[in-house]
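**Student:** Here it is: the structure, laid out below.
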Amino acid sequence: MISSLKALGPKHAELYPSFAPPETWRTAGSHVVFDEKGAGRVVPRKDNPRIWEQIRVEILERDNYACRYCGFQAFKWQIVHHIDGNPDNNDRANLETICPMCNLVLHCGRGVAVLKTVDLYQESTFSQAEVIQMTRVLRASGHADDEIIMRLGLTGKVRFRQDRAYLQRLVAFVSAREPARKDFMIKALAYGYDKAGKLLQANRRKTARKVGSKRGR
Ligand SMILES: [Zn+2]
């Protein structure tokens, strides 16, 4: 049944900083509806939670629990994202799996202005998706933010602006700072590091064993 589901075009979509309508930054689970005149108002999402959960699982399985932007695979905390920003458009082609860290980049208005854990830079040696992948691995192996920023070649820290064209040219860095506001997303981020950390430890143990057995000969 799962194999009959159409996957979304190319595996990795290009990632760059963006933001959701500012009215929604402070209210998780809300969205903006626009009337015929184009005026928006914030309303709580009124999805049937059981139906949404079914759709969510369907999409996660279709995408093999991997983030469409950085490729990170996790069986917990992945987010199913509405590509066009309309939470009522549950057309399967409008839904994609995204990890919490890439989600913070896509919604960096909230990350920079409300949570204050995301920083924006003009330059990096790497693409935004690579910045995410490397941040996760480096942090899991115990590197501090200063060091990660240096390794990623992040320079020219700039301010957030509600301007998508301006943001698209920047690279976002998800820091390890405590968020200014309690948010479940931060717990979700820790899960990523935790998993990567365990993987690294397991690999290290394997390597150590190999070295040990060579010495024993
Ligand atoms: Zn990701």
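Every number here is computed from the coordinates shown, using simple stated rules; none is lab data. A quick note: this is a predicted structure, and the numbers were derived from the prediction, not measured. All Cβ positions, even for glycine, are placed from backbone atoms using ideal geometry, and neighbour counts span all protein chains on display.
**Student:** When segment 106-132 is examined, which residues are found to be within 13 Å of the ligand (Cβ to nearest atom) and either over 12 Å from the mean Cα position of the chain (by Cα) or surrounded by fewer than 20 Cβ atoms within 10 Å (Cβ to Cβ) (or both)?
**Tutor:** S127, E130
**Student:** Which residues, taken from segment 89-105, are of a type in the set (A, V, I, L, M, F, W, C) and within 11 Å of the ligand (Cβ to nearest atom)?
**Tutor:** Within segment 89-105, I98, C99, M101, C102, L104, V105 qualify.
**Student:** I'd like the residue in segment 133-142 that is in contact (Cβ under 8 Å) with a residue 40 or more places away in the chain and over 12 Å from the mean Cα position of the chain (by Cα) and, out of all such residues, is nearest to F160 (Cα to Cα).
**Tutor:** Of everything passing the filter in segment 133-142, R139 is nearest to F160 (Cα to Cα).
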